[in-house]
Amino acid sequence: MTFVLSSFGILSLPAAAYLNRGSSWRILYLCTSIPAISYCIITYFFVYESPRWLFMEGRDIEAKAILRKLASIEGNSLDSYLSSIHHGQEISKLNPYKLMKDLFKRRWALQRILATMVFGFGIGLVYFGLLFGVRNLGFNIYLGVILNGSMLIPTNLVTLFFIARWKRKGSLFALCIISGICSIICGVVGS
């Protein structure tokens, strides 16, 4: 849902830009910032603190209260379950630099981090390259962003289909290959 709603946000941007086409970019920036600020204020009242973080900080009572709200569980069953979790004093003594050192000692962990970074860079390059490269396609920029944003919605649904059918590794590989082929086609057709 996050990505689908993000796609609707991208779809709303050309509408705001078109309505402010005679104004300064500062006005457009203000028009897009006000909804984001109001969203953050509203979110503050509806989003709970992470129970895991509260436990790690030793704030067990607050964590249990949030878990009760989230799970609607009452009684001793929740308390007995939560009593088996380690308290924050034990967990917070971990040295983050030691964990980073362990990352470089373990070859498999370093390979996974590097692969994730390469995939993230490639996906970000294609995703934002297509969004920011709309002006170079040679047609109306407003229409281009709308078409680009509207293609994101079915893409997100197809991604959910792939992830539900295949494992993450296979679906990520297949979607990256398809994305690369489509990007090459866009480059060839555009020129």
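Miscellaneous remarks
- Set side by side, the residues LEU143, LEU130, LEU125, LEU137 differ, and just one is over 16 Å from VAL4 (Cβ atoms) and at pLDDT 80 or above, which is LEU143.
- Residue selected from segment 13-27 under the condition part of a helix (DSSP H, G or I) and more than 18 Å from ASN148 (Cβ to Cβ), by the criterion least open to solvent (accessible area, probe 1.4 Å): ILE27
- Residues that are open to solvent by 70 Å² or more (accessible area, probe 1.4 Å) and either farther than 23 Å from PHE161 by Cβ or touching a helix residue (DSSP H, G or I) at 6+ places or on another chain (Cβ under 6 Å) (or both), drawn from segment 1-12: PHE3
- So VAL145, is it surrounded by 13 or more Cβ atoms within 10 Å (Cβ to Cβ) and of a type in the set (Val, Ile, Thr): yes
- Subset of segment 119-155 (residues that are more than 17 Å from the chain's Cα centre (by Cα) and aliphatic (A, V, I, L, M)): LEU130, VAL134, LEU137, ILE141, LEU143, VAL145, ILE146, LEU147, MET151
- Residues of segment 37-55 satisfying the condition of being surrounded by 10 or more Cβ atoms within 10 Å (Cβ to Cβ) and either within 20 Å of LEU67 (Cβ to Cβ) or acidic (Asp, Glu) (or both): TYR48, GLU49, SER50, PRO51, ARG52, TRP53, LEU54, PHE55
The values are calculated or read from the model by the stated rules, or taken from the named source; none is laboratory data. Small disclaimer: the values here were computed from a predicted structure and weren't measured. With ideal geometry, Cβ positions are generated from the backbone for all residues, glycine too; neighbour counts draw on all protein chains shown. Areas reflect the complete protein model, heavy atoms only, side chains present, ligands, DNA and RNA absent. Shrake-Rupley method; radii C 1.70, N 1.55, O 1.52, S 1.80 Å.
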